[in-house]
Amino acid sequence: MSLKSRYSILSLARNALGFGEGWQEAWRSPEPKPEYKAIIVGGGGHGLATAYYLAKEHGITDVAVLEKGWIGGGNTGRNTTVVRSNYLWDESAFLYEHSLKLWERLTDDLNFNVMFSQRGLLALAHSQHDLHELSRRAHANKLNGIDAELLNLRQLKEFCPILNCAQDVRYPVLGAGLQPRGGVARHDAVAWGYARGADARGVDIIQNCEVTGILRDGAKVVGVETSRGLIKAPKIALVTAGHSSVLAAMAGLRLPIESHPLQAFVSEPIKPILDTVVMSGTVHVYVSQSDKGELVLGAGIDSFNSYAQRGSIPIIEDSVAAAIELFPIFSRLKLMRSWGGIVDICPDASPIISKTPIDGLYLNCGWGTGGFKATPGSGWVLAHTIAQDRPHKLNEPFALSRFTSGQLIDEHGAAAVAH
Ligand SMILES: Cc1cc2nc3c(=O)[nH]c(=O)nc-3n(C[C@H](O)[C@H](O)[C@H](O)COP(=O)(O)OP(=O)(O)OC[C@H]3O[C@@H](n4cnc5c(N)ncnc54)[C@H](O)[C@@H]3O)c2cc1C
């Protein structure tokens, strides 16, 4: 049954009368087939989006998404949901802006409310250097057709009245860059919406299926070993944020990536008080208010490498101290919980969306602290790359080969902690 008739007004009425007990599962849980045309390893937002666009844009539906845990249980369900496209270099700006445009119609496209809220996003400047950097980036963004504004202190105070604009603090705020179309979205909904859309088109989403080996026949891939047996496919995409190096090593590839914990935390819920996203790369904190009322705070990465999905207390202490200096009125709130995810950091703070020297093996990784915003665009270009066996012009610059050619896309300034 198509998604439209499954969720028609009649179906809603029928299920309301039946107290919601007759709803079908939103996606199936099939047994893995022995062979597929393509396998996506990793059931996060990027992997599910890739499968969705493979089916929708390229008609390739004989696809399995293999997820070792549950879909969205990795960074997709652990991030702080900031979406923006104000990156410095043309290559990144085009990719993230393509993604932002997909975000703007994603709820309609998936027929699933991803709660995308374009409440604007402020990047604070605490020094002349920050002001120059933000001004350069805003000009670069405008040249690329991306919305960007610069706010002085008075404008900033009007835009975000609860922000502490006093000048006698450790790191006084001097101004800010604003992307009005930036904002936040509901992370779980993104995973579920893509899963439902992909499943409706025939993709098999297989949870609790860990890939433990990648099989090659000479220079090409032929399949994967999994905790649920051997599955063959001539095309395999590794979309396993945090564990990309581990998976690539199974195929004999060494990646220029480090895995680090990245933490986030939420306060107790309060009434609406903050209607934008505020971030500071200098004092390493950013904050938005969720629709439930919690303040969602994020930090920089823990400096050590780890695969444990948690981080250390000093990062939380530093970020909370910075948040309280920026917003003294938050000082009496309690933190409810904190958690961590493992992010893949590339030397140039840009992702890898690429073919590899091994035929049929594709990579999507290295998003570091900021890949949630790229979920639709990343899946869209990777689906193109898999279907055509060549990159789309949007992801061509993000090839693995840039680490040998030297054509790096240095986005440390625009990526850093500022998601
Ligand atoms: C605390 C935190 C805050 C963040 N905040 C933001 C933000 O505000 N904005 C932003 O843009 N980005 C943010 N990010 C980054 C963002 O979450 C990620 O870049 C993005 O979610 C990556 O999506 P993904 O689908 O590639 O990865 P994931 O959602 O992590 O999916 C990868 C999946 O691969 C699976 N997997 C791993 N190994 C195997 C295996 N051997 N076999 C099968 N499956 C396997 C994992 O279980 C996982 O589900 C944040 C990240 C964290 C941790």
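For residue 344, only one of the following conditions fails: (1) of a type outside the set (Phe, Trp, Tyr); (2) under 29 Å from residue 163 (Cβ atoms); (3) within 22 Å of the chain's Cα centre (by Cα). What is its number? Only one criterion is unmet by residue 344, namely (2).
Specify the residue that is surrounded by the fewest Cβ atoms within 10 Å (Cβ to Cβ); the eligible residues are those in the stretch 193-221 that are without any contact (Cβ under 8 Å) to a residue 40 or more places away in the chain and not charged (D, E, K, R). Here the residue is 218.
Residue pairs whose Cβ atoms lie under 7 Å apart, sitting 6 or more positions apart in sequence or on different chains, and linking a residue in the stretch 36-61 that is among the polar types (S, T, N, Q) to a partner that is assigned to a loop (DSSP other than H, G, I, E, B) and crowded, with 24+ Cβ neighbours inside 10 Å, are 50/239; 61/203. Can you name the residue in the stretch 297-315 that is open to solvent by 20 Å² or more (accessible area, probe 1.4 Å) and among the aliphatic types (A, V, I, L, M) and is also nearest to the ligand (Cβ to nearest atom) among such residues? Applying the filter and picking the extreme gives 301. Quick one: count up the residues across the stretch 193-237 that are of a type in the set (A, V, I, L, M), more than 22 Å from residue 53 (Cβ to Cβ) and in a loop (DSSP other than H, G, I, E, B). Counting residues in the stretch 193-237 that are of a type in the set (A, V, I, L, M), more than 22 Å from residue 53 (Cβ to Cβ) and in a loop (DSSP other than H, G, I, E, B) gives 1. The single condition among (1) out of contact with any helix residue (DSSP H, G or I) (no Cβ under 8 Å at 6 or more places or on another chain); (2) over 26 Å from residue 170 (Cβ atoms); (3) surrounded by 14 or more Cβ atoms within 10 Å (Cβ to Cβ) that residue 241 does not meet is (1).
Restricting attention to the stretch 26-34, does a residue exist that is among the aliphatic types (A, V, I, L, M), at pLDDT 95 or above and at negative phi?
no
For the stretch 217-249, the set of residues classified as of a type outside the set (S, T, N, Q) and near the ligand (Cβ under 8 Å from one of its atoms) consists of 239, 241, 242, 243, 246, 247, listed by residue number. Could we say that residue 415 is more than 11 Å from the ligand (Cβ to nearest atom), hydrophobic (A, V, I, L, M, F, W, C) and touching a residue at least 60 places away in the same chain (Cβ under 8 Å) here? Considered against the rule, which asks whether it is more than 11 Å from the ligand (Cβ to nearest atom), hydrophobic (A, V, I, L, M, F, W, C) and touching a residue at least 60 places away in the same chain (Cβ under 8 Å), residue 415 comes out as no.
Each residue in the stretch 5-23 was checked for being open to solvent by 100 Å² or more (accessible area, probe 1.4 Å) and in a helix (DSSP H, G or I), and 4 pass.
Can we say residue 214 is more than 14 Å from residue 65 (Cα to Cα), touching a Leu at 6+ places or on another chain (Cβ under 8 Å), of a type in the set (A, V, I, L, M) and within 14 Å of the ligand (Cβ to nearest atom)? Break it down into steps so the answer makes sense when it comes.
Details: more than 14 Å from residue 65 (Cα to Cα): yes; touching a Leu at 6+ places or on another chain (Cβ under 8 Å): yes; of a type in the set (A, V, I, L, M): yes; within 14 Å of the ligand (Cβ to nearest atom): yes.
Taking the combined requirement at face value, the residue satisfies it.
Counting only residues that are away from the ligand (no atom under 11 Å from the Cβ) and of a type outside the set (Ser, Thr, Tyr), which one in the stretch 338-351 is most open to solvent (accessible area, probe 1.4 Å)? Filtering first and then ranking leaves 347.
Only one of the numbered conditions (1) of a type outside the set (A, V, I, L, M); (2) surrounded by fewer than 19 Cβ atoms within 10 Å (Cβ to Cβ); (3) within 10 Å of the ligand (Cβ to nearest atom) is violated by residue 328, and that is (3). Candidates 415, 321, 387: the one that is open to solvent by less than 60 Å² (accessible area, probe 1.4 Å), touching a strand residue (DSSP E or B) at 6+ places or on another chain (Cβ under 9 Å) and within 28 Å of residue 294 (Cβ to Cβ) is 321.
Say whether the condition of being under 18 Å from residue 256 (Cβ atoms), out of contact with any His (no Cβ under 6 Å at 6 or more places or on another chain) and not polar (S, T, N, Q) is met by at least one residue in the stretch 325-342. Taking every residue of the stretch 325-342 in turn, at least one turns out to be under 18 Å from residue 256 (Cβ atoms), out of contact with any His (no Cβ under 6 Å at 6 or more places or on another chain) and not polar (S, T, N, Q). Search the stretch 106-142 for residues being open to solvent by 30 Å² or more (accessible area, probe 1.4 Å) and at positive phi, and hand back the single one that is nearest to the chain's Cα centre (by Cα). Among residues in the stretch 106-142 that are open to solvent by 30 Å² or more (accessible area, probe 1.4 Å) and at positive phi, the one nearest to the chain's Cα centre (by Cα) is 115. Just one of the listed residues (173, 190) is of a type outside the set (Ser, Thr, Tyr), open to solvent by less than 50 Å² (accessible area, probe 1.4 Å) and within 16 Å of the ligand (Cβ to nearest atom), and it is 190.
So in the stretch 281-305, with the set limited to residues that are under 15 Å from residue 163 (Cα atoms) and more than 19 Å from the chain's Cα centre (by Cα), which one is modelled with the lowest pLDDT? Going through the qualifying residues, I end up with 283.
The values are calculated or read from the model by the stated rules, or taken from the named source; none is laboratory data. From a predicted model like this one, the values you see are computed outputs, not experimental measurements. Don't worry about glycine lacking a Cβ; one is built from the backbone with ideal geometry, like all the others, and counts go over all protein chains shown. With ligands, DNA and RNA removed, areas are computed over all heavy atoms of the protein, side chains included. Shrake-Rupley method; radii C 1.70, N 1.55, O 1.52, S 1.80 Å.
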